[in-house]
Amino acid sequence: MNTLMRRNGNNNLGFSSIFDDLFGRELFNWGNNNYSSTSTTVPSVNIKENGDAYEVQVAAPGMNKDDFQIKLDGNLLTISSMKEDSNETKEDNFTRREFSYQSFQRSFELPKDVVDQDNINARYENGLLMLTIPKREDAKQKPPRMIEIS
């Protein structure tokens with residue numbers, strides 16, 4: 001494992017705790033990217049680009065479409081969810097209550113002046129939240145064309 005090192009003004013090598021902290025966080029944790037810094041799971045996300053749109057898939061089995069909130073603020077797309085569950089069992093000698101809370105938030109910066117923000121759509125089926133983010137007409141890749149020499 002490589003450790004970032006920097007030189008200070010005295011040409012001595014020293015470890016930078018700021019860099020260690022920054023590069024040790026989730027953003028650069030490629031091998032374990034579905035766990036947040038609080039050791040809670042974060043759904044895996046696939047992003048695919050084609051000529052007409054970006055497609056985002058969020059793996060979130062066991063949820064309902066009403067469990068999600070999708071917000072677009074400028075070019076920042078945020079997908080979040082908060083789900084509470086509680087069970088209570090009463091029998092002769094005891095009462096048992098169990099609570100569970102599940103939440104996550106993922107944010108993505110959309111390319112500026114490329115996406116058609118008014119026509120983003122989302123659907124949830126079979127454990128996948130799927131967003132289609134269409135590109136603006138002027139940002140779509142045009143097919144090759146021949147240019148005549150005059």
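The values are calculated or read from the model by the stated rules, or taken from the named source; none is laboratory data. Everything quoted here is computed from the prediction, not taken from an experiment. Counting neighbours? That spans all protein chains shown, and the Cβs are built from the backbone with ideal geometry, glycine included.
At-a-glance table
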read-out: Condition broken by residue 48, with the remaining ones in (1) farther than 14 Å from residue 131 by Cβ; (2) of a type outside the set (S, T, N, Q); (3) free of Cβ contacts under 8 Å to residues at least 40 places away in the same chain satisfied; value: (1)
read-out: Residue in the range 4-20 that is of a type in the set (Lys, Arg), at pLDDT below 85 and part of a loop (DSSP other than H, G, I, E, B) present; value: no
read-out: Yes/no for residue 109 being under 25 Å from residue 68 (Cα atoms) and of a type outside the set (Val, Ile, Thr); value: yes
read-out: Subset of the range 104-150 (residues that are charged (D, E, K, R), more than 20 Å from residue 44 (Cβ to Cβ) and exposed (fewer than 10 other Cβ atoms within 10 Å of the Cβ)); value: 112, 113, 118, 137, 138, 142, 145, 148
read-out: Hits in the range 113-150 (condition: more than 17 Å from the chain's Cα centre (by Cα), in the same structural domain as residue 61 (by TED's automatic domain parsing) and more than 19 Å from residue 51 (Cβ to Cβ)); value: 118, 125, 126
